[in-house]
1. Can you tell me how the stretch 1-69 classifies by the Cα gyration tensor, rounded, prolate or oblate, using a/c under 1.5 as the rounded cut?
2. Report the accessible area of Arg154, computed with a 1.4 Å probe over the heavy atoms of all protein chains in place, in Å² rounded to the nearest 10.
3. Ignoring any ligand, DNA or RNA, what whole percent of the accessible area of the chain comes from carbon and sulfur when the probe is 1.4 angstrom?
4. Roughly how many Å² of Thr172 are accessible to a 1.4 Å probe, to the nearest 10?
5. For the pair Ser236 and Asp63, what calculated FRET efficiency results from E = 1/(1 + (r/R0)^6), where r is the Cβ-Cβ distance and R0 = 30 Å, to the nearest 0.05?
6. So what's the net charge close to His226: Lys and Arg +1, Asp and Glu -1, counting the other residues with Cβ under 9 Å from its Cβ?
7. Rounded, prolate or oblate, given the Cα gyration tensor of the stretch 4-148, with a/c below 1.5 counting as rounded?
8. Quick check: net charge around Glu292, other residues with Cβ under 9 Å of its Cβ, Lys/Arg +1 and Asp/Glu -1?
Amino acid sequence: MNLDARTGVCYGTLGDNLQPPREIVNLIKGNNIGNIRLYNPNPAILEALQGTNISVIIGVPNDEIQGIATDPSVATSWVQNNIRKYRYVNFRYISVGNEMNPADNPNIAPYIPTAMQRISDALAAARLQRIKVSAVLSMSDIGVSYPPSAGAFRPEFRESFIDPIIKFLLKTHSDFLIDVYPYFAYASDPTNIPLDYALFTSKSVVVRDGPYQYQNLFHAMVDSVHAALEKAGGSSLKVVVTETGWPTAGGTGTTVSNAFANNSNLFKSVKRGTPRRPKKTLDTYIFDLIDENQKTPELEKHWESFFLIMSLNIKYLLLHKMWSITKSVSCLISSSFYNTLCNFC
């Protein structure tokens with residue numbers, strides 16, 4: 001498999017049956033995946049990434065944000081221990097926090113803008129300004145998303161949270177990172193959101209929004225973010241989708257075939273841009289590299305849909321009766337998932 005240069009995969013580690021990081025990194029390299037997202041500075045993974053030139057988004061864990069914001073020396077130590085120490089890792093972004101907002105995380109979210117600045121200052125002191133600093137937000141920060149052109153941030157978040165983040169990103173020439181999940185929109189309202197619209201398989205326009213026409217929910221959601229940024233003074237910011245995907249079990253519409261349709265069509269769509277931003281590649285990271293069996297609820301354990309894209313290669317091998325699937329693939333895909341995948345192929 002050869003993903004587009006700006007398409008990546010999320011590498012979560014909440015499991016007790018995960019393969020060693022070096023084996024997983026070798027699999028990533030072997031499939032020409034050039035971009036990954038890490039949720040925390042895992043030393044074993046970072047060591048495995050040294051010298052690979054794989055582009056990395058690395059997260060500052062939510063529970064470390066307040067300390068970094070209130071003490072510059074903590075930010076300096078964080079950069080020293082987690083960035084400078086791994087001089088041969090190709091860090092692209094440091095994301096300060098993951099899906100925080102003032103309503104759900106009142107004890108953490110207010111510190112994010114200041115923590116972003118502290119990390120940026122520490123990078124500058126270490127002469128590592130090439131690494132951009134941002135924060136990963138979610139669609140819960142969007143108060144209006146339909147129609148896409150009406151997209152707007154929740155007004156109660158603007159002054160103390162969204163606006164300072166946008167101001168920082170503009171000042172530092174960084175990008176706006178956000179997780180976008182058509183699956184959750186569909187699952188919350190399957191009566192009114194057509195499945196083919198959520199899976200990129202609609203044969204016709206579903207939503208007409210002035211001059212913009214939408215055949216898939218993903219583009220509509222991303223363009224609501226573009227519209228929200230325009231209203232908040234951030235029209236020049238590039239949007240990067242740091243998580244999206246479709247689960248294979250555990251909820252409404254969660255099947256292997258739906259996940260395959262979503263992910264394979266997703267990779268094609270991001271190269272075209274969105275109706276509001278046509279011909280501009282939309283950098284996108286798919287969740288998840290491998291299932292994480294220690295996550296809750298049950299739905300959260302079944303996002304190993306990245307490997308469904310690899311089924312294109314597996315299917316080719318099966319059709320030619322080449323039954324010895326590579327060790328790196330078979331050791332990462334559970335036997336039940338593998339059997340389901342072979343049946344689907």
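The values are calculated or read from the model by the stated rules, or taken from the named source; none is laboratory data. Everything numeric in this text was worked out from a predicted model, so none of it was measured. Neighbour counts run over all protein chains shown; Cβ positions are idealised from the backbone, glycine included. With ligands, DNA and RNA removed, areas are computed over all heavy atoms of the protein, side chains included. Shrake-Rupley method; radii C 1.70, N 1.55, O 1.52, S 1.80 Å.
1. Values: a/c = 2.11, a/b = 1.54, b/c = 1.37.
Cα axes put the stretch 1-69 in the prolate bin.
2. Solvent-accessible area, nearest 10 Å²: 60 Å².
3. 50 percent
4. Looks like 30 Å² after rounding.
5. Working: r = 33 Å, r/R0 = 1.09.
Between Asp63 and Ser236 the formula returns 0.40.
6. Values: positive: Arg276, Arg277; negative: Asp223, Glu230.
Cβ neighbours under 9 Å give a net charge of 0.
7. Details: a/c = 1.75, a/b = 1.23, b/c = 1.42.
Oblate shape, in that a/c is at least 1.5 and b/c is the bigger or equal ratio.
8. Numbers: positive: Lys295, Lys301; negative: Asp288, Asp291, Glu300, Glu304.
Summing Lys and Arg as +1 and Asp and Glu as -1 gives -2.
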